[in-house]
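**Q** What follows is a structure written as structure tokens; I'll ask about it next.
Every number here is computed from the coordinates shown, using simple stated rules; none is lab data. Computed from a prediction, not measured in an experiment: that's the story for all the values here. Note: ideal-geometry Cβ built from the backbone for every residue, glycine included; neighbour counts use all protein chains shown.
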Amino acid sequence: MKRNLITQIKNEWRDNLWLIIELMIVSVAVWMLCVFLNMAVRYKFEEKGFDTEDVYKIAIRTLPETSPEYIDNGEKTWADNMSDRRMLINRIRKSPYVEAAAFSSNALPYQFNYMGNELNIIGSEDSIRYGGNVRLASPEIVRVLKPVSLDNIPAEELENMLRSNGLFISPELRYDRLRNTRDLLGKKALLYDTVTPRTVSALIASIRRNEYEHPVGTILMGIDENHDGLVAEAGDIAVRVKPGMGKKFEEEFYSTPEMRRMRNVYLTQLSDMDDVRSANQHHSDTQVRLVCSGILFLIVIIFLGLLGTFWFRIRQRSGEIALRKTCGATDSDIFKRTIGEGTLLLVIASVPAIAADIFLHYKIVSSDTVPSEYAWVSVIAFVITTLLMALMIIAGIAFPAKKAMEIEPAIALKEE
């Protein structure tokens, strides 16, 4: 039977060639849609590299010189403002409802800022350059945000590392001339626009800007609160309150003027990070829903077209099915033959489709759209694509073939 089936496919090679080309195009198109659907939603379900429960963000602002309440101390004004910033954060730390508070410059997630910078390793024969999203914060950020150490280093030790002029990096950092980011641990590094070398002290999970974002390189550096220049970099204060004390902290903050204002410096926009997350994710959720809906719609349209192709193909062969029945073929024999023909055509089309998928996979990986270690995503996408196409082919063959087999052979041949 297999030999006769191959012979039949060869004899009808003109029609089958176009069908094989169609199957190959459909396979590649659906594979691409599956890959992009995975890319759109996969990171939403991965563990985050931080904990924002019971965390608040407070914006730091300075009165403009045009304000009637502005205090001008001449050359001391700027230094006084930095001193007042330290005073305000210390008042927050003394609150009975607060566990920890830290100055933050782009250190918190769920914001679309990207402070890109290069990290240069000191002492290398060839400069090894890394690109990452720089996040500056007081060492207390370890207790506030709870970044995840990939080597399970205790929080207290991580905090001491930041106090000792260390910095943390994530494995997603883009780099050249080095395969393993872990090889940088213990080495001295310098940011592109700084003059103070720091030690690469620990590897942490990437701090993403939202839950759908592909993990990007993270460079977490400590802010020395005695350094006015670094304190000036901070635009926010990150606060972790004790469990269940969020409302009481809000009441204290708004009812205590000295906690919110010190001469020219004032604190505003107290925001629960859960609310910040909801606002951030609302935009991302809407975009991802639109993308997923569009992809699923295209997949349905493609498979309806595939279903119709095989449905029409079998309806055209009603006379052939009737002739086989008159020659003694059973319904089971006809069903197996038609299904076998469709399946064999799919297998033939899968060969060039695999080659195209491999080429496109490496194109996507080389453009940094997906990491190379996720090659298994492409494999799973191809398996899913092939199974779905097989189901559509079987459905497109089974129903019209069943109806054709119900027609009396004499009637079918007469119509033919």
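**Q** Once the Cβ-Cβ distance between L150 and D72 is put in as r, and R0 is 35 Å, what FRET efficiency do you end up with, to the nearest 0.05?
**A** 0.10
**Q** Compute the length gained on full extension between Q281 and A395: take 0.36 nm times their separation in residues and subtract their Cα-Cα distance, giving the result in nm to one decimal. Present the calculation step by step, with values, prior to reporting the outcome.
**A** Details: separation 114, 0.36 × 114 = 41.04 nm, distance 3.96 nm.
Result: 37.1 nm gained on full extension.
**Q** Continuing with the same structure: With a 10 Å radius around each residue's Cβ, average the other Cβ atoms per peptide and rank 134-145, 101-112, 158-169, 271-282, highest first. Working shown, then result.
**A** Numbers: 134-145: 24.8, 101-112: 22.7, 158-169: 19.6, 271-282: 15.8.
The densest-packed peptide leads the list: 134-145, 101-112, 158-169, 271-282.
**Q** Sorted by mean Cβ packing within 10 Å, highest first, what order do the peptides 202-210, 288-296 take?
**A** Averaged packing, sorted descending, gives the order 202-210, 288-296.
**Q** Here's something else I'd like to know. Which residues does a label at M87 reach in the range 262-289, if reach means a backbone N under 14 Å from a point 7 Å past the Cα toward the Cβ?
**A** 262-267
**Q** Further question: What length, rounded to one decimal in nm, is gained on full extension from L17 through to T196, with 0.36 nm per residue of separation minus their alpha-carbon distance?
**A** The L17-T196 span can extend by a further 57.8 nm.
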